[in-house]
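S.K.: What follows is a structure written as structure tokens; I'll ask about it next.
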Amino acid sequence: MALAIVNGESASHPTLIGSVQRALRLLEAVGAHVDGAPAKQLAREAGLPLPTAYHLLRTLTHEGYLQRENGVFVLGAAAEVIGRAGARRRQRAHLSEALAVAGQELGVAVYFAVYREGEVEVVAVTDDPARPPVVEWVDFRTTAHAHAIGQCLLAQLDEATRREHLARHPVQSITPFSVRTEDELLHRLDTVRRGHVAYERQEYALGTVCAAIPVQVGAAAATLAVSLPVDELRRLRSVTDRLRKMAETTLTTLAFSISI
């Protein structure tokens, strides 16, 4: 019986590119040696004929995935970029897990965000159906003035950076409760700086109240935040205080690891 063909491949035996597989084996072999290894050793560990290994090593070096130093091969800048991306993905997963634990303990949705390259970036957020996060119905990046996360981040910026941000993303009403002018926002940010917390009541999303606290992650502006249904407003301050205590232990360490 003939095999089904999908996109030119056998449904039971997909086409594999042998040269790619061999190159990956060499990269794995190089990665196993902190101080690098010579071609003959790498060929042996990857199970490749020496001429094939030489050809692939030259190609990988040309493309920046390897670098030859004093007769041995070490990982190059291109491979290190991939490695850092993988490490950051794992760190984000760890942070998401920590936020999930905090969210369950506090009974809220929890967020971690940073101000990076001129924009608000929500790095991680809990995903608990019992305590769903705020729906991003208007881009968080363009509405920093209207939510606790953005207000906490803007309050940490120097005046020039803050004004440049507001020139790109001017203050506008998102709900009937939003700040309406830049002067009103700047007054609010002064309060945030003094109290080291941003409280926001239905300014971004009707039916939701939020709070955000600044966290220390090197030179970056960063924040941990929570959101609650408006009928649980009475809990907001106590929950925020408990979040601050959590930030002083494990959460800030995890946040720092993916923000530098």
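S.K.: By per-residue mean of other Cβ atoms within 10 Å, what is the highest-first order of 15-23, 187-195, 226-234? List each step's numbers first, then the result.
M.R.: Numbers: 15-23: 11.2, 187-195: 14.6, 226-234: 16.3.
Packing proxy ranking, top to bottom: 226-234, 187-195, 15-23.
S.K.: Does anyone have the angle between helix 159-168 and the longest principal axis of the chain? Alpha-carbon axes, 0 to 90°, nearest 10?
M.R.: For 159-168 against the chain, the angle is about 80 degrees.
S.K.: Distance between the C-alpha centers of the stretch 157-215 and the stretch 18-87? Whole Å please.
M.R.: 50 Å
S.K.: For the full complex of protein chains and a 1.4 angstrom probe, list L166, L27 by accessible area with the highest value first.
M.R.: So, going from the largest accessible area down, we get L27, L166.
S.K.: Could you work out how far helix 77-106 tilts from the main Cα principal axis of the chain, as a 0 to 90 degree angle to the nearest 10?
M.R.: 40 degrees
S.K.: Taking Cα atoms, how many degrees apart are the long axis of helix 236-246 and the longest axis of the chain, rounded to 10 and kept between 0 and 90?
M.R.: Helix 236-246 sits roughly 40 degrees off the main axis of the chain.
S.K.: Say R0 is 30 Å: what FRET efficiency, to the nearest 0.05, do A160 and R201 get from their beta-carbon distance?
M.R.: 0.50
S.K.: Before I look further, what does the chain give for accessible area per residue, probe 1.4 Å, in whole square angstrom? Write down the numbers at each step before the final one.
M.R.: Details: 14320 Å² over 260 residues.
For the chain, the solvent-accessible area averages 55 Å² per residue.
S.K.: How far, in nm, would the chain grow between Q41 and A93 when pulled straight, counting 0.36 nm per residue and subtracting the alpha carbon separation? Display every interim value, and only then the final one.
M.R.: Values: separation 52, 0.36 × 52 = 18.72 nm, distance 3.57 nm.
Between Q41 and A93, full extension yields 15.2 nm more.
S.K.: If Lys and Arg each add +1 and Asp and Glu each add -1, what is the summed charge of the other residues whose beta carbon sits under 14 Å from the beta carbon of Q67? It would help to have the intermediate numbers written out before the result.
M.R.: On the way: positive: R58, R68; negative: D35, E63, E69, E80.
Neighbourhood net charge equals -2.
S.K.: Mind jotting down the three principal axis lengths of the stretch 131-260 based on Cα atoms? Whole angstrom, largest first.
M.R.: Ordered largest first, the stretch 131-260 gives principal extents of 37, 37, 26 Å.
S.K.: State the percentage of accessible surface on the chain attributable to carbon and sulfur atoms; use a 1.4 Å probe and exclude ligands, DNA and RNA. Mind showing how you got there, number by number?
M.R.: Values: 7940 of 14320 Å².
Roughly 55 percent, rounded to a whole number.
S.K.: Further question on the same structure: Under 10 Å, Cα contacts only: if you run a Gaussian network model on the chain, which one of V120, V108, V34 comes out with the highest mean-square fluctuation?
M.R.: V34
S.K.: Now a separate question. Just Y115, Y54, Y199 to compare: in a GNM of the chain, with alpha carbon springs under 10 Å, which one fluctuates most?
M.R.: Result for the chain, Cα springs under 10 Å: Y54 fluctuates most.
S.K.: Which of these values of Rg/Rh (Cα atoms, Kirkwood Rh) was calculated from the structure shown: [x] 1.16; [y] 0.99; [z] 1.10?
M.R.: Entry [x].
S.K.: Students often check this: by mean Cβ neighbours within 10 Å, which of 101-107, 67-73 ranks highest, and how do the rest follow?
M.R.: Top to bottom by mean Cβ count within 10 Å: 101-107, 67-73.
S.K.: Taking the Cα centre of the chain as the origin, how large is its charge dipole in debye, to the nearest 20, when only Lys and Arg (+1) and Asp and Glu (-1) carry charge on their Cβ atoms? Display every interim value, and only then the final one.
M.R.: Numbers: 28 positive and 29 negative charges, 104 e Å.
For the chain, the charge dipole is close to 500 debye.
S.K.: Here is a further query. Okay, helix-only estimate at 222 nm for the chain: each DSSP H run of n ≥ 4 adds -39500 (n - 2.57), divide by all residues, round to 500 deg cm²/dmol; what do you get?
M.R.: On the way: 9 runs with 115 residues, N = 260.
Value at 222 nm, helices only: -14000 deg cm²/dmol.
S.K.: Compute the length gained on full extension between V34 and E80: take 0.36 nm times their separation in residues and subtract their Cα-Cα distance, giving the result in nm to one decimal.
M.R.: On the way: separation 46, 0.36 × 46 = 16.56 nm, distance 1.27 nm.
Answer, rounded to one decimal: 15.3 nm.
S.K.: Sorted by mean Cβ packing within 10 Å, highest first, what order do the peptides 151-162, 125-136 take? Can you show the working numbers first?
M.R.: Working: 151-162: 19.1, 125-136: 14.8.
Packing order, densest peptide first, comes out as 151-162, 125-136.
The values are calculated or read from the model by the stated rules, or taken from the named source; none is laboratory data. Bear in mind the structure is a predicted one, so any value in this text is a computation, not a measurement. When we count neighbours, we look across all protein chains shown, and the Cβ atoms used for this are built from the backbone with ideal geometry, even at glycine. In case anyone asks, the SASA skips ligands and DNA or RNA and just uses the protein heavy atoms, side chains included. Shrake-Rupley method; radii C 1.70, N 1.55, O 1.52, S 1.80 Å.
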